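**Student:** I'd like to ask some things about the structure below.
FYI, it's all coordinate maths here, none of it is from the lab. Worth saying up front: this structure is predicted, and the values here are computed from it rather than measured. Because the Cβ atoms are built from the backbone with ideal geometry, glycine has one as well, and the counts that use them run over all protein chains shown.
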Amino acid sequence: MIDLKNLTIKKAHEAMKNGDFTAVDLTKSYLDIIKQKNSELNVYLEVFEKDALKQAEDADKRFKDGSAVEMTGIPIALKDNILYQGHISSSASRILENHVAPYDSTVVKKLKEAGAVILGRVNMDEFAMGVSTENSAFGVTKNPYDTSRVPGGSSGGSTTAVAMDGTLVALGSDTGGSCRQPAAFCGVVGFKPTYGSVSRHGLMAMGSSLDIIGPIAKTVSDAEVVFNTIKGKDDMDSTSISSDFYPKKSVSKMVIGIPREFLNIGVDERILTNFNDSVEKLKSLGYEIIDIDLPYVKYTVPVYYIISPAEVSSNLARFDGVKYGLHIDGGSNLLSDYLKTRGVGLGREVKRRIILGTYVLSSGYHDAYYNKATVVRDLITKDYTKAFEKVDVILTPTTTGPAFKIGEKVSDPIKMYLEDIFTGPANIVGLPAISVPSGFVKEDGVDLPVGIQFMAPHGREDLLFEVGKKFKGE
Amino acid sequence: MITKEEIKNLASLARIELDNSEVESLTKEVDSILAYVGQIQEVSAGVDREIPKNRNIMRDDVVTNEPGQYTSDILTNTPVKTGEYVSVKKIL
């Protein structure tokens, strides 16, 4: 029996190298867990058992011939919006329910080159819009710590898969917090790289100036290994960058900044207690902690919910039932085909954001909303640039509370949108950020995970991995 | 206050058919969301817009693949096709 609970990429790699177990053994172990737990938790939309076992066999060959690398034989789950050639990628939407990816995303290409084992595609909020995975067209995923609660979103399937030992690592995507918030709710590490540092080629676009693919893992070290495997400048992504794109100032003694005023926005008492305990822990580890001010960061959610629906309304125009996906015959003309196909195929939240985006971009309103939002976006960016002159990383809680109950926030869109308050700035500004598990809070007699979030300047993933590992004692 | 008529117009622009109950609920929801996000109006500060370091770049609009190289891959997902063509209804 492989100890999946305490497994890391390094331990798995050593074990496979030494012959303690094979890649096929490891993959089979995860496939067994998936068979046991998936029907209850609704995590995997599809398991690629045959292909995964073939990849595991190939990985075993590489261990024999000495060409295995860190990610060889390592099982990984893909969020359902990441294209994997020859396999269905549906973004958890009816409009793409049977859509087969005609090409590999760049991240999948890189994972294949490294010899990773792709176990399957996991659940998400439809088209990555949501904070709970309740917006999936294929049912909500349940939080493994309390199945009456959400796992967070939109990468709720990815974080639950890792938390339930249904995979060692997973890929999620992050546009407003979608790797980090569900990671906090599920007690795992969620990492958002610098915008552009991981190629978006083959990631179904939601908000093109905000989207990034990020690793989900149990440890910071594992998130780092996955990031190093998938990162890199890519000709197929016009906004992708290399690791040396941003200048790196030398940091001798890391200083952590806390935007104290920002924490007064209605954070659950238990989260604040946990956060303050985490701050004390960091002090005892030798970090200097100072207060910083981010005057415009309180506009994060309004800015995000103008810019991202605007980009969504443009990006989702491609789903018209003509080239791929669901096609409903609307009657006599092409327009009715569009209206019916999109009316039936797209979910409620998706339609809401498209309507919102269409409005803020329409003539007469785009100046007041979209243009104004881009100005405030720049002001928020300048806040962070100024703060990073005095500090090296910025620390906040990841969320304002622990995982909420399924159905609790569904009828109140603004309540849902406020989930992004701490995570949103990293997407608006393009900064790297990591959510690290920081303990538990008790609710109804159950221990629910919570997380803290570190943010760093552009290109400074290294600082996040350093402080994250130190905090977790890795 | 956004009206039902405006919502219907937006839906038509976005090529999405909504039923009456959807129009009702969306009118309420979009109205409250717009009121919420509208708080950015209170920001009076301007900013010198600069082109960010990481900016979108375009490549030349030239064909980069062999004729027919991706045709069959792409057509596997096409709902209505005629031979190697994607079929659509007449646009008059």
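**Student:** Quick one: pull the percentage of alpha-carbon pairs in the stretch A:223-280 with a separation above 20 Å.
**Tutor:** Every Cα pair in the stretch A:223-280 considered, those over 20 Å come to 59 percent.
**Student:** Here's something else I'd like to know. Quick one: what do you get for the stretch A:236-320 if you divide its Cα Rg by 2.2 N^0.38 Å?
**Tutor:** That ratio works out to 1.61.
**Student:** Multiply the residue separation of residue A:61 and residue A:233 by 0.36 nm, subtract the distance between their alpha-carbon atoms, and state the gained length in nm to one decimal.
**Tutor:** That pair, residue A:61 and residue A:233, stretches by 59.0 nm at full extension.
**Student:** The stretch A:60-102: percent of C-alpha pairs farther apart than 18 Å?
**Tutor:** It works out to 47 percent of all Cα pairs.
**Student:** Across the stretch A:315-331, in residue order, what do the Karplus-derived ³J(HN,Hα) couplings come to in whole Hz, using 6.51 cos²θ - 1.76 cosθ + 1.60 with θ = phi - 60° and x for Gly and Pro?
**Tutor:** 5, 8, 5, 5, 8, 10, x, 9, 8, 7, x, 4, 10, 10, 6, x, x
**Student:** Expressed in nm to one decimal, what extension gain is obtained for the pair residue A:314 and residue A:53 from 0.36 nm per residue of sequence separation less their Cα-Cα distance?
**Tutor:** 90.0 nm
**Student:** Using only the Cα atoms of the stretch A:372-421, each taken as one equal point scatterer with no solvent, compute I(q) by the Debye sum, divide by I(0), and report log10 of the ratio at q = 0.13 Å⁻¹.
**Tutor:** Those come out to -0.52, one per q.
**Student:** If you look at just the Cα atoms of the stretch A:105-258, how large are its Rg and its Dmax in Å?
**Tutor:** Considering the stretch A:105-258 through its Cα atoms, Rg and Dmax are 15.5, 49 Å.
**Student:** Given that compact globular proteins tend to follow 2.2 N^0.38 Å, what is the ratio of the alpha-carbon Rg of chain A to that value? The partial results should precede the final answer.
**Tutor:** On the way: Rg = 21.2 Å, N = 474, 2.2 N^0.38 = 22.9 Å.
With N residues counted in chain A, Rg over 2.2 N^0.38 Å equals 0.93.
**Student:** How much FRET efficiency would the formula 1/(1 + (r/R0)^6) give for residue A:277 and residue A:368, where r is the Cβ-Cβ distance and R0 is 35 Å, rounded to 0.05?
**Tutor:** With a Förster radius of 35 Å, E is 0.20.
**Student:** What are the principal axis extents of the Cα atoms in the stretch A:335-474, in Å, biggest first?
**Tutor:** 59, 43, 23
**Student:** Another one. Set the bar at 18 Å for Cα to Cα. Now go through A:192/A:233; A:323/B:81; A:298/A:351; A:17/A:64; A:231/A:386 and name every pair that lies beyond it. Spell out each step's value before the answer.
**Tutor:** Details: A:192/A:233 16 Å; A:323/B:81 9 Å; A:298/A:351 26 Å; A:17/A:64 8 Å; A:231/A:386 27 Å.
Where the Cα-Cα span goes over 18 Å, the pairs concerned are A:298/A:351; A:231/A:386.
**Student:** When the helices in the protein assembly as shown are scored as -39500 (n - 2.57) per DSSP H run of 4 or longer and the sum is shared across all residues, what 222 nm value do you end up with, to the nearest 500 deg cm²/dmol?
**Tutor:** Value at 222 nm, helices only, nearest 500: -11500 deg cm²/dmol.
**Student:** Find how much the distance from residue A:442 to residue A:252 grows on full extension, using 0.36 nm per residue of separation minus their present alpha carbon separation; answer in nm with one decimal.
**Tutor:** On the way: separation 190, 0.36 × 190 = 68.40 nm, distance 3.82 nm.
Answer, rounded to one decimal: 64.6 nm.
**Student:** Further question on the same structure: For the stretch A:414-421, in order, what is each residue's ³J(HN,Hα) by Karplus, 6.51 cos²θ - 1.76 cosθ + 1.60 with θ = phi - 60°, in whole Hz (x at glycine and Pro)?
**Tutor:** 5, 4, 4, 5, 5, 4, 8, 4
**Student:** Provide Rg and Dmax in Å for chain B, with only Cα atoms included in the calculation.
**Tutor:** 22.3, 58
**Student:** Here's another thing I want to ask about it. What is the projected area of the convex hull of the Cα atoms of the stretch A:1-108, averaged over all directions, in nm²?
**Tutor:** Convex hull of Cα atoms, orientation-averaged projection: 7.5 nm².
**Student:** Measure off 7 Å from each Cα along the Cα-to-Cβ vector at residue B:20 and residue A:88, then give the distance between these two points in nanometres to one decimal.
**Tutor:** Between residue B:20 and residue A:88, the simple spin-label model gives 3.6 nm.
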